[in-house]
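Here's the structure we're looking at; comments come further down.
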Amino acid sequence: MSEQVSAEQADFEKYFTVFAGSAEEDVSYAKTFWSASALHPPLESRLVSADVRQRLRVAGNGSPHDGVNIAHRPPSIDLKSEVFLHEAYLKQRAESKRRYLEKAKKRDEIIALLLKQREDRIKKEMLSLPYRPRKDDGAPRIRKQ
């Protein structure tokens, strides 16, 4: 019987932390700490949450301020600041559009310049084509007059 109990205790103790090589006082403090701490399950796994209201509100006596928290009422709309912010947004948007249009214009100019340079290079190559040295492939060269 004692062998069975010691075998079960050995199996039981292998799942716990062993404080080998520590002072007896440190071991007792550690055991006390780990036995006192408990991990709670996450909020999502609980069936009932303290944050969620699960009951209907009790009907009030009909006063106009029932259920209204004055500290948390929506802020009043300041029309002047709204107009100012909208104008600033429109200016910012117009400025970014102007910058993009400038970049597009510059890009078009660069592409046009590259095309012109390419056409000029092709014209020069066509002019110099008859005067270019040819590769000698062993055939006699016939010159046109």
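Per-structure values
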{"read-out": "Solvent-accessible surface (1.4 angstrom probe) belonging to S81, in square angstrom, nearest 10", "value": "40 Å²"}
{"read-out": "Ranking by accessible area, most exposed first, for E24, E119 with a 1.4 Å probe", "value": "E24, E119"}
{"read-out": "Probe 1.4 Å - accessible area at L115, Å² to nearest ten", "value": "100 Å²"}
{"read-out": "Most to least accessible of I110, I77, I122 (protein chains only, probe 1.4 Å)", "value": "I77, I110, I122"}
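The values are calculated or read from the model by the stated rules, or taken from the named source; none is laboratory data. Quick caveat: nothing in here was measured; it's all calculated off a predicted structure. Protein only, heavy atoms only, side chains kept; ligands, DNA and RNA dropped before computing areas. Shrake-Rupley method; radii C 1.70, N 1.55, O 1.52, S 1.80 Å.
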